[in-house]
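Accompanying notes for the structure given below.
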Amino acid sequence: MDTLRLGVNIDHVATIRNARGGDHPDPVRAARLAAGAGADGITAHLREDRRHISDHDINRLTSEISIPLNLEMAATEEMLEIALRHKPNAACIVPEKRQEVTTEGGLDAIGGFDHLQTYVSRLRERRIRVSLFLDPESGQLEAAAKLGADIVEMHTGAYVEAVGEKRAAELQKLRQCAAYGAELGLEMHAGHGLTFETVGEVAAIPQVVELNIGHFLVGEAIFSGLDSSIRRMRALMDEARARAAGIKSA
Ligand code: PXP
C-alpha cells in the first residue's frame, strides 16, 4: 500500500499570533509539535501582505525544522527570490489575490502558461520540487505536465463545500484527475478545507500521496490540542487508505 503523507499547514498559528503582535503562539513550535504528532512535512504560505507567516518565520522554519518544508508562494519575483534563497524542499505555486480571505481557487496553468514557465524552471534549476495548486481539471493537469512541474496539488475546496450529489460529483472529479495526473507522470497531492469528516474519501484516492491540511487542525486544536487534532487526522487518513487498499485487494 502506498503511504500517504500529511503536510501540516501552520499559517493560522501565525494568524492568531499576529492578532496581538508579539511572538505567541509560535508557528515554529507548532511545526515541531506537528512533526512529533505524525506530520511528514510542514507547509507555510508567505503571502505578499504577510498577513500570517513572516519572513522571519520562513528563516526559522528552514533552519530549525527537520522535516521537509513546502513553501506556498505566488508567482512573483519577490517570492521567487525568497524561495531560491531558502531552498525549501518544495515550492507550491498558488494564485494570490490581495482581498481574498483564503486561496479561493486553483492557479490557471493554461492562461498563465508563459508567466509560469520561468518560475517552474528557475525553481527546478535550484533542485526545489515544484508543485502547482490547480482545480481538478484535465486541461490544467496537461499544462502542468508541459510546464515540467513535479507535483500537482488538487484544490479540494469545491469538494468540501458541496453537499449531497454535488459532493459526490466533485469527489469523482478528484478521483479522475488524480488518475490522469499520475498517468502524465505528476505526483498528486490534495488539500484545502479538509476536515475530519471530509478527509477519508480524499485519502482513499490511491494516486494521492500527500494531503496538506491547516485551518481545521488549528481550529480543532482549540478544543482538543494541536497534538491530538493532528494525531486524529493522521489516524483517519491511514484508516481510510488501509480500507481502500483492502477493498481493492479483496
Ligand atoms: N494547500 C494549499 C495550496 C493551500 O493554499 C492551503 C491553504 O493555505 C492548504 C493546502 C490548506 O488549506 P486549509 O488551511 O483549508 O486546510
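The values are calculated or read from the model by the stated rules, or taken from the named source; none is laboratory data. Note that the structure is predicted; figures quoted are calculated from it, not measured. So basically every Cβ, Gly included, is an ideal-geometry build from the backbone, and we count neighbours across all protein chains shown. We work out accessible area using only protein heavy atoms, side chains counted, and drop any ligands, DNA or RNA first. Shrake-Rupley method; radii C 1.70, N 1.55, O 1.52, S 1.80 Å.
Please verify whether the stretch 23-41 includes one or more residues that are closer than 21 Å to Phe133 by Cβ, surrounded by 16 or more Cβ atoms within 10 Å (Cβ to Cβ) and among the β-branched types (Val, Ile, Thr).
For the stretch 23-41, residues closer than 21 Å to Phe133 by Cβ, surrounded by 16 or more Cβ atoms within 10 Å (Cβ to Cβ) and among the β-branched types (Val, Ile, Thr): absent.
For Asp57, state whether it is among the charged types (D, E, K, R), touching a residue at least 12 places away in the same chain (Cβ under 8 Å) and surrounded by 18 or more Cβ atoms within 10 Å (Cβ to Cβ).
In short, yes.
Out of the residues in the stretch 86-127 that are of a type in the set (S, T, N, Q), open to solvent by less than 80 Å² (accessible area, probe 1.4 Å) and modelled with pLDDT under 95, state the one that is farthest from Lys146 (Cα to Cα).
Thr102
Looking for something within 16 Å of the ligand (Cβ to nearest atom), small (Gly, Ala, Ser) and open to solvent by 10 Å² or more (accessible area, probe 1.4 Å) - is there at least one such residue anywhere in the stretch 154-162? First the steps, then the outcome.
Just the residues of the stretch 154-162 that are within 16 Å of the ligand (Cβ to nearest atom), to begin with: 154-162.
With small (Gly, Ala, Ser) added as a condition, the list becomes 157-158, 162.
If we keep only those that are open to solvent by 10 Å² or more (accessible area, probe 1.4 Å) too, we end up with 158, 162.
Scanning the stretch 154-162 turns up at least one residue that is within 16 Å of the ligand (Cβ to nearest atom), small (Gly, Ala, Ser) and open to solvent by 10 Å² or more (accessible area, probe 1.4 Å).
Looking at (1) open to solvent by less than 60 Å² (accessible area, probe 1.4 Å); (2) assigned to a loop (DSSP other than H, G, I, E, B); (3) farther than 18 Å from Glu72 by Cβ, which is the one condition that is false for Ala149?
Unmet for Ala149, out of (1) open to solvent by less than 60 Å² (accessible area, probe 1.4 Å); (2) assigned to a loop (DSSP other than H, G, I, E, B); (3) farther than 18 Å from Glu72 by Cβ: (3).
Could you pull out the residue among Leu61, Leu71, Leu80, Leu107 that is part of a helix (DSSP H, G or I) and within 25 Å of Leu194 (Cβ to Cβ)?
Just one listed residue meets the conditions, Leu61.
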